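The values are calculated or read from the model by the stated rules, or taken from the named source; none is laboratory data. As the structure is a prediction and not an experimental result, all values here were calculated from the model. As a convention, Cβ positions derive from the backbone with ideal geometry for all residues, glycine included, and neighbour counts pool all protein chains shown.
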């Protein structure tokens, strides 16, 4: 067990920092410090291309597909330096962190060649079409239908909560391809181009005034017969494999964003005097400790080569960070006091911390609610009996 | 960077787990609880047969020259069985002498502390008066002070070794809620102390290893609470179903696991920072001690609740965990104190 980085790794850190700081001070200074998912989306697509041009886009991928075949330690370092330099989140994070690894793991050589270089290069932005109005926590009850017509899949139905669909080029969906099938059986995992007459996207306004996610309607939407990953009927397996990639190295970058948020709260507490309140001090300390435990939890998860042992522990990660961040939002408001309830513009606009307070209510819902996470931990990690299923 | 146990570390952890699970049975622990709070056979076997008594002490003084990570795996295993052994004092006094003692002191004391021949304890004594190394003062709430042969006294002005059988030393044993680690008051009235040449190194080594010991014990204890409750949840049937199939029950188990996994990260983070002498070691130690202790208390409390009436009986082991957890929360500074240290650091107020 060793936490320190080697000289070579520290050199790599300096190289990352130099390049990222240079970009944020130069050509891309206009996007530095953006914390929302969608602001300046067009410029951020250019940023994706800049990353790719210098081979910093997907460093963990094999060189053949636009990566560097970077070691775990290097990926950790890059994720940390990326966030430290104030670089905004990746607008193609769904492509890089979910679609890409899924294609790498389950796709054909032809699919890899077709998609991976473009994902890495920021030319193909992906979004995820899993949830439906009646298939949220109960994801396996999706009703969107896919049928093979000649050399095309034809898709009909509705997806919801599709983050970033309005700025994406492609969407991956799970759809029911076997008539009359139920639950996880009979689903197929398809990749579809969004810019077509059969796909209609309508934004959904959120409690913080933003609209980062959408309703996506499919009316005889089409994709080529070979656009599926895996075989027809294997969609659930692929979807579950994909969700496991959510716990990858990217979590460390996400944590650096959390670091910036906590630092802002600490600065606010010092500035307005609430740092002298012993209860606030206790909560600040708890938040600080929780953030470090997230980091070391992620490093433990990533370091462990014995995956059978660590999988159970990895299941606790989502509820851990989501609950931590929701508490952080509440702490932010207690530190700010009533000043936190005053907006910054006529259009229901908010500074980072009040926005964090509102936005963090979504953290414990999306990607599996805390309640679903607890079921998964109890059933998969602790071996408790599964929830009984009702009759559909 | 590789935050996983090495093969050798995993082997030590497995050996320790097996040793305590086999030997530190409930019956034997209860025997010790009814006596002086030490399972002597277990202690002898631990120090001599297993040879782990000097795990982190130098080899020339009977140790194995390993680090805090290895020690944490062992303390975790001992904690999982709520073993009645003076592990805390051995770790604190041993590491203090190794870090701040003279060669002669190391040669005289360490081999006998490592072998378990002597029971060593450590205590802070805020208002100690030292008159030419004749010590006068009162050490309160000394863990396993009732059975100590040698006392390491840490005070603002220095660190001394005192033999408890010497003139001027009075030990008052107390009936203690956690009978696996009884507390005693040790009163010094012009008792002869042997000063350690580097008192500050000794004090900080004692503190580091003490916090690691308690945090790791707490982690092991919390995991044991969860494991035992999970086993019960599978076998106990009510309303025609295993009680573990009820969401109210399951979710509480899941919450225990979420805390325990964080406590595990905290303990091994802290142990690594001490071994690697890295700059965030103070932060990591405060985090580990406070977080692991709170996790243990939550899990032990939940264990009682989730066992229902049987969990409230003397016969069931739940109360051993519950009482040990409560004791760890307060030993070597409580959670609020540790978090206040962290708050001062992050607010830029630290000295």
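A few notes on this one:
- In region A:165-178, the qualifying residues are those that are modelled with pLDDT under 95 and surrounded by fewer than 22 Cβ atoms within 10 Å (Cβ to Cβ), and the one that is nearest to residue A:45 (Cα to Cα) is A:167.
- Condition met for residue B:269 (out of contact with any strand residue (DSSP E or B) (no Cβ under 9 Å at 6 or more places or on another chain), at pLDDT 95 or above, more than 24 Å from residue B:141 (Cβ to Cβ) and in a loop (DSSP other than H, G, I, E, B)): no
- For residue A:366, the conditions (1) under 30 Å from residue A:273 (Cα atoms); (2) part of a loop (DSSP other than H, G, I, E, B); (3) in contact (Cβ under 8 Å) with a residue 40 or more places away in the chain all hold with the exception of (1).
- Answer residue from region A:377-391, given it is surrounded by fewer than 18 Cβ atoms within 10 Å (Cβ to Cβ) and out of contact with any strand residue (DSSP E or B) (no Cβ under 7 Å at 6 or more places or on another chain) and is farthest from the other protein chains (Cβ to nearest Cβ) among those: A:391
- Odd one out for residue B:43 among (1) away from chain A (no Cβ under 14 Å); (2) under 16 Å from the mean Cα position of the chain (by Cα); (3) surrounded by 24 or more Cβ atoms within 10 Å (Cβ to Cβ): (3)
- Given (1) within 12 Å of another protein chain (Cβ to nearest Cβ); (2) touching a helix residue (DSSP H, G or I) at 6+ places or on another chain (Cβ under 6 Å); (3) at pLDDT 90 or above; (4) crowded, with 20+ Cβ neighbours inside 10 Å, number of the condition residue A:280 does not satisfy: (4)
- Residue list for region A:135-152, restricted to those being touching a helix residue (DSSP H, G or I) at 6+ places or on another chain (Cβ under 7 Å) and under 15 Å from residue A:216 (Cβ atoms): A:135
- Counted residues, region A:227-242 - those being touching a residue at least 60 places away in the same chain (Cβ under 8 Å) and either assigned to a loop (DSSP other than H, G, I, E, B) or within 14 Å of residue A:128 (Cβ to Cβ) (or both): 9
- Residue B:96 vs. criteria within 18 Å of residue B:201 (Cα to Cα) and either surrounded by fewer than 16 Cβ atoms within 10 Å (Cβ to Cβ) or at pLDDT 95 or above (or both): yes
- Verdict on residue A:77 being in contact (Cβ under 8 Å) with a residue 12 or more places away in the chain, away from chain B (no Cβ under 14 Å) and surrounded by 18 or more Cβ atoms within 10 Å (Cβ to Cβ): no
- Residue list for region B:281-305, filter: more than 23 Å from residue A:278 (Cα to Cα) and within 12 Å of chain A (Cβ to nearest Cβ): B:281
- Test result for residue A:56, within 19 Å of the chain's Cα centre (by Cα), farther than 28 Å from residue A:130 by Cα and assigned to a loop (DSSP other than H, G, I, E, B): yes
- Filtered residues of region A:345-371 (kept if at pLDDT 95 or above and farther than 22 Å from residue A:164 by Cβ): A:353, A:354, A:357, A:370, A:371
- Unique match (being modelled with pLDDT under 95 and within 14 Å of chain A (Cβ to nearest Cβ)) among B:2, B:14: B:2
- Hits in region B:216-235 (condition: crowded, with 17+ Cβ neighbours inside 10 Å and more than 30 Å from residue B:270 (Cα to Cα)): B:232, B:233
- Among the conditions (1) surrounded by fewer than 18 Cβ atoms within 10 Å (Cβ to Cβ); (2) more than 14 Å from chain A (Cβ to nearest Cβ), the only one that residue B:33 does not satisfy is (1).
- Index of the failed condition, residue B:331 passing every other in (1) farther than 22 Å from residue B:92 by Cα; (2) away from chain A (no Cβ under 12 Å): (1)
- Residues in region A:1-39 that are touching a strand residue (DSSP E or B) at 6+ places or on another chain (Cβ under 8 Å) and surrounded by fewer than 16 Cβ atoms within 10 Å (Cβ to Cβ): A:2 only.
- Odd one out for residue A:259 among (1) within 10 Å of another protein chain (Cβ to nearest Cβ); (2) in contact (Cβ under 8 Å) with a residue 12 or more places away in the chain; (3) closer than 16 Å to residue A:356 by Cβ: (1)
- Checking every residue in region B:285-294 against the condition of being out of contact with any strand residue (DSSP E or B) (no Cβ under 6 Å at 6 or more places or on another chain), over 29 Å from residue B:251 (Cα atoms), part of a helix (DSSP H, G or I) and at pLDDT 95 or above gives at least one match.
- Scanning region B:309-321 turns up no residue that is crowded, with 19+ Cβ neighbours inside 10 Å, facing chain A (nearest Cβ under 8 Å), at pLDDT 95 or above and over 30 Å from residue B:9 (Cβ atoms).
- Taken over region B:158-199, the criterion of being without any contact (Cβ under 8 Å) to a residue 40 or more places away in the chain and outside any strand (DSSP E or B) is satisfied by B:164, B:165, B:166, B:167, B:168, B:174, B:175.
- Residues in region B:54-62 include at least one that is in contact with a helix residue (DSSP H, G or I) (Cβ under 7 Å, 6 or more places away or on another chain) and not in a loop (DSSP other than H, G, I, E, B).
- Residues located in region A:267-277, provided they are facing another protein chain (nearest Cβ under 9 Å) and surrounded by fewer than 19 Cβ atoms within 10 Å (Cβ to Cβ): A:270
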